[in-house]
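Colleague: Structure below; questions to follow.
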Amino acid sequence: MRVRQIMLPLMLLFGGLLLTQGVSARGLISLDEAVKQAKRQSGGRVISAETREYDGRPVHNIRILTNEGKLRRYQMDGRSGRFIKRKPRP
């Protein structure tokens with residue numbers, strides 16, 4: 001009984017910390033966290049953000065208008081949190 005009284009609050013605290021870091025209970029990076037990271041990289045204004053599934057994996061698609069007026073597109077793997085490199089358009 002005593003162990004339960006100690007462990008339950010610790011588990012709730014740890015779960016809450018994961019969620020505040022943008023990681024859901026399923027181990028996914030939230031769209032909000034992906035947007036924050038893309039904004040940090042570009043310093044611009046978010047135009048749109050959505051999550052789609054590609055090959056069974058969640059991918060966050062984020063469009064940002066930079067302070068220089070250029071449109072930047074970012075894609076982040078929703079599981080690893082890594083930005084996906086895009087091939088430049090010809």
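Here, each number is a calculation from the coordinates, and none is a lab measurement. Everything numeric here is computed off the predicted structure, so don't read it as measured data. Virtual Cβ from ideal backbone geometry, glycine too; neighbours counted across all protein chains shown.
Colleague: For the stretch 28-77, with the dipole built from +1 on Lys and Arg beta-carbon atoms and -1 on Asp and Glu ones, taken about the Cα centre, which of L71, V59, L28 lies farthest toward the positive end?
Modeller: My answer, from the dipole projection, is L71.
Colleague: Mind sorting E68, E33 by how few other Cβ atoms lie within 10 Å of their own Cβ, fewest first? Don't skip to the answer; put the middle values down first.
Modeller: Values: E68 9, E33 19.
Going from least to most buried by this count: E68, E33.
Colleague: At 25 °C and 0.890 mPa s, what whole-number value in µm²/s does Stokes-Einstein give for the translational diffusion of the stretch 38-77, with Rh from the Kirkwood sum over Cα pairs?
Modeller: Values: Rh = 10.4 Å.
Translational diffusion coefficient: 235 µm²/s.
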